[in-house]
1. Which of the residues that make up the range 51-62 are in contact with a strand residue (DSSP E or B) (Cβ under 7 Å, 6 or more places away or on another chain) and either of a type in the set (A, V, I, L, M, F, W, C) or surrounded by 16 or more Cβ atoms within 10 Å (Cβ to Cβ) (or both)?
2. Being modelled with pLDDT of 95 or more, out of contact with any Asp or Glu (no Cβ under 8 Å at 6 or more places or on another chain) and not aliphatic (A, V, I, L, M) is the filter here; which residues of the range 117-132 pass it?
3. Being free of Cβ contacts under 8 Å to residues at least 40 places away in the same chain, on the phi < 0 side of the Ramachandran plot and in contact with a His (Cβ under 7 Å, 6 or more places away or on another chain), is that true of even one residue in the range 18-28?
4. With the requirement that a residue be over 20 Å from Arg49 (Cβ atoms) and among the polar types (S, T, N, Q), what does the range 151-173 give you?
5. If you check Gly75, Gly31, Gly82, Gly24, which single one turns out to be among the small types (Gly, Ala, Ser), out of contact with any helix residue (DSSP H, G or I) (no Cβ under 6 Å at 6 or more places or on another chain), surrounded by fewer than 16 Cβ atoms within 10 Å (Cβ to Cβ) and closer than 24 Å to Leu172 by Cα?
6. Of the residues that sit in the range 94-110 and are at pLDDT below 95 and in a strand (DSSP E or B), which one is nearest to Leu130 (Cα to Cα)?
7. Determine which member of the set Glu113, Glu56, Glu48 is within 30 Å of Asn158 (Cα to Cα) and modelled with pLDDT under 90.
Amino acid sequence: MADGTFAALLLVAGLIDMGANHCGTAGGCLGQSRDSPRLSLSAGEVLERQAAPGAEVYLRYDTGLRTGPFGHAAGLSLGERGEIWAGYGATWSTGFGGGPLYAELHAMTGVYEAGDGLDLGGPIVFRSGLELGWEAASGWRLGLAYDHRSNAGLYDRNPGVETVQLRVSVPLK
């Protein structure tokens, strides 16, 4: 999935959820609500495709603000070759049958500095991905995440990079 597939899935799933669960409410389809803010830390590996494999750490703050089914999040990642990405965007998540398993999609727009790592074609870079995991009754989450970063064709070169990460997430309230 070396393209905008996760971003498209977030949009489709979120719009279906919006129609089924949000449009009939007093706040309307895009009514604002609050969840507990959440801080996530993940560590993983850049996959060998066009980039050399390497370690990455990723910190994400979910604000707790929701617009319809979409959450708001900010992220910062640092790669072992000095790569830095910082961005802001949307999340959408769902549970499975009321149990502890969940899936979460995210799509974020950000700025990127390659350092000594892979040049992603320009400074504007989009990050989208999928996380599958387990949530404890306390709200702590443990998940496996896969994401893609690229410039979505904004620049002449659009090599893209994928990462696989183990993520721990804690509610802040």
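The values are calculated or read from the model by the stated rules, or taken from the named source; none is laboratory data. For clarity, every value in this text was computed on a predicted model and none was experimentally measured. Reconstructed Cβ throughout: ideal geometry from the backbone, glycine too, with neighbour counts over all protein chains shown.
1. The answer is Ala51, Gly54, Ala55, Glu56, Val57, Tyr58, Leu59, Arg60, Tyr61, Asp62.
2. Answer for the range 117-132, where residues must be modelled with pLDDT of 95 or more, out of contact with any Asp or Glu (no Cβ under 8 Å at 6 or more places or on another chain) and not aliphatic (A, V, I, L, M): Gly122, Phe126.
3. No: zero hits.
4. Ser169 - this is the single residue of the range 151-173 that is over 20 Å from Arg49 (Cβ atoms) and among the polar types (S, T, N, Q).
5. On inspection, the qualifying residue turns out to be Gly31.
6. Start the filter on the range 94-110 by keeping residues that are at pLDDT below 95, which leaves 94-99.
If we keep only those that are in a strand (DSSP E or B) too, we end up with 94-95.
Numbers: Thr94: 12, Gly95: 14 Å.
Looking at the filtered set, the residue picked out is Thr94.
7. Glu48
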